[in-house]
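Okay, so here's the structure we're looking at.
The values are calculated or read from the model by the stated rules, or taken from the named source; none is laboratory data. Remember, predicted model here, so these are calculated numbers, not experimental data. Neighbour counts run over all protein chains shown; Cβ positions are idealised from the backbone, glycine included. For accessibility, only protein heavy atoms count, side chains too; no ligands or nucleic acids. Shrake-Rupley method; radii C 1.70, N 1.55, O 1.52, S 1.80 Å.
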Amino acid sequence: MEGEAFSRLGDGSDQMDPKVVQTLQKGLVQVQTILDQNRLLMNEINMNHESKVPHNLTRNVGLIRELNNNIKRVVGLYNDISSSFIKSSIDVSSNGDDDDGDDHGSSSCGGALKSNGKGCHKRNRVA
């Protein structure tokens, strides 16, 4: 399933660099592996909590730390994936044939990138 989407991205009908597609795929597979581990950790944490056995509750401290570290790893991987995708977008747009001289709002960060090539880091949060 996931391979199909990526193979369509890199089939030559678009401007995605095959290296970028490979990097995206590799990163997303790593994320999914960690998320699968997290599911197992959460199941074990829940079972330990429900058992109320002191040893199991003590073990949860380490499991929760591992879960927290995994979440940090996922955030880092998503950051790497995003950076790779943004870099690819910059490369494609700089090689494109858009000669109108307009940066299409990127300096105001209404688009995906600022004029300096860096992404906007403002996040809109739902209240």
Query - Nearest-0.05 FRET efficiency for LYS87 and GLN37, computed from C-beta distance (R0 25 Å) - result: 0.30
Query raised in the report: Got a sec to turn the phi values of segment 29-35 into Karplus ³J(HN,Hα) couplings, 6.51 cos²θ - 1.76 cosθ + 1.60 with θ = phi - 60°, whole Hz, x for Gly and Pro?
Result: 5, 4, 4, 4, 4, 5, 5
**Report entry** Per residue accessible area of segment 18-87, 1.4 Å probe, in Å²
**Finding:** 71
**Report entry** Dipole magnitude (debye, nearest 20) for segment 18-87, charges at Cβ of Lys, Arg, Asp, Glu
**Finding:** 220
Query - Alpha carbon Rg of segment 18-87, scaled by the compact-globule rule 2.2 N^0.38 Å - result: 1.44
Query - Long-range amide H partners of MET16 with built H, under 5 Å - result: none
Requested in this report: Would you mind telling me the share, in percent, of accessible area of segment 18-87 contributed by carbon and sulfur at probe 1.4 angstrom?
Outcome: 60
Query raised in the report: If you plug each phi of segment 48-65 into the Karplus form 6.51 cos²θ - 1.76 cosθ + 1.60 with θ = phi - 60°, what whole-Hz ³J(HN,Hα) values come out, in order, with x for Gly and Pro?
Result: 4, 5, 5, 6, 6, 6, x, 4, 5, 5, 5, 4, 4, 4, x, 5, 5, 4
Query - Value of relative contact order over segment 27-95, rounded to a whole percent, pairs C-alpha under 8 Å and six or more apart - result: 43
Report task. Could you go through segment 76-88 in sequence order and give the Karplus-derived ³J(HN,Hα) for each residue, using 6.51 cos²θ - 1.76 cosθ + 1.60 with θ = phi - 60°, rounded to whole Hz, and x for Gly and Pro? Result -> x, 5, 4, 4, 5, 4, 4, 4, 4, 5, 5, 4, 4
